[in-house]
Amino acid sequence: MAAADPGSPGPAAPGSIVLVATPIGNMSDMSPRATAALAEADLVLAEDTRRSGRLVEGRGRLLSYNDFNAVDRLPLIAARLEAGDRIALVTDAGMPGISDPCFRAVRLAVELGARVEVVPGPSAALTALVASALPVDRFLFEGFLPRKPGPRKARLLEISSLPHTLIAFVGPHHVAKVLADILEVMGDRQACMAREMTKLHEEYARGSVSELLRITSAKPPKGEVTLVVAGSRPRSASD
């Protein structure tokens, strides 16, 4: 009998990971399939267990998984997958894997040969984009721009010439600063600020960057904002 090749991969892990999209505001957007996926999971990894706790019966199945502990959770995830468990991943709201560490768990599952499933659903970035009245054929999702002005301006300069519509998440205390940097680096483009999407007080503010800057300087928004900014327009022969 030939000896086994020590470099060959072992048997695939029998478990599975399922990324479950949850509502970004209106709880009626929770799909029956998403509800079933959470109910059937042996373990639910959540960015914020306090927010996700209302979606999961049996809090003993719920465990935090976020930017601060994702790496430390990987051995546990590997062990549970190899034991044949079904693990659900959820974010604070919306589609997991967008501006969160879910990719680490997915990559681990793929390396182990475990099954990866997706229960698609709401996304704050795409909701804001399609409601912005800006071009949607090509877009660039930046997540959270750098907090410090220097790196933020450097990043904006890198992407300033791209024709793609820009989408970024911005904390309520940074909106005016981010808009001011965009105005300085990218010019006075058309933009849209979306907040409280799908909720009772849903709000879309559309206009030029300078107009939105005046609005937010006078009255800072409450809660996180999804900012959508028009891409660069090609120069005409007369420019």
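Straight-distance candidates among the lysines for linking to Lys148, with alpha-carbon spacing under 19 Å and chain neighbours fewer than 8 residues away dropped: Lys177. The largest-to-smallest principal axis extents of the Cα set in region 124-229 are 37, 32, 21 Å. Just to be sure I understand: of the beta bridges DSSP finds with both ends in the chain, what percent are antiparallel, rounded to 5? The answer is about 45 percent antiparallel.
For the chain, the longest principal axis of the C-alpha atoms and the axis of helix 149-159 are separated by about 90°. Straight-distance candidates among the lysines for linking to Lys199, with alpha-carbon spacing under 22 Å and chain neighbours fewer than 8 residues away dropped: Lys219, Lys222. Relative to the longest principal axis of the Cα atoms of the chain, the long axis of helix 175-186 makes an angle of roughly 70 degrees. Let me make sure I get this right: for region 16-119, a, b and c are the square roots of the gyration tensor eigenvalues over alpha carbons, sorted descending. Under 1.5 in a/c it's rounded, otherwise prolate if a/b > b/c, else oblate. Which is it? Because a/c hits 1.5 or more and a/b exceeds b/c, region 16-119 counts as prolate. Where the centre of each part is set by its Cα atoms, how far does region 107-131 sit from region 73-91, in angstrom? One Cα centre to the other: 16 Å.
With N counted as the residues of region 23-73, its alpha-carbon radius of gyration over 2.2 N^0.38 Å works out to 1.17. Principal-axis analysis of the Cα atoms of the chain puts helix 70-82 at an angle of about 40° to the longest axis.
Once the Cα-Cα distance is subtracted from the 0.36 nm per residue extended length, the Leu157 to Lys199 segment shows a gain of 11.7 nm.
Would you please give the residues with an amide H less than 5 Å from that of Leu62, counting only those at least 5 places away or on a separate chain, with H modeled from the backbone geometry? The answer is Val44. Can you tell me how the chain classifies by the Cα gyration tensor, rounded, prolate or oblate, using a/c under 1.5 as the rounded cut? It comes out prolate by the Cα gyration axes.
Only the coordinates and a few stated rules stand behind these numbers; no lab work does. These numbers come from a predicted model, not from an experiment.
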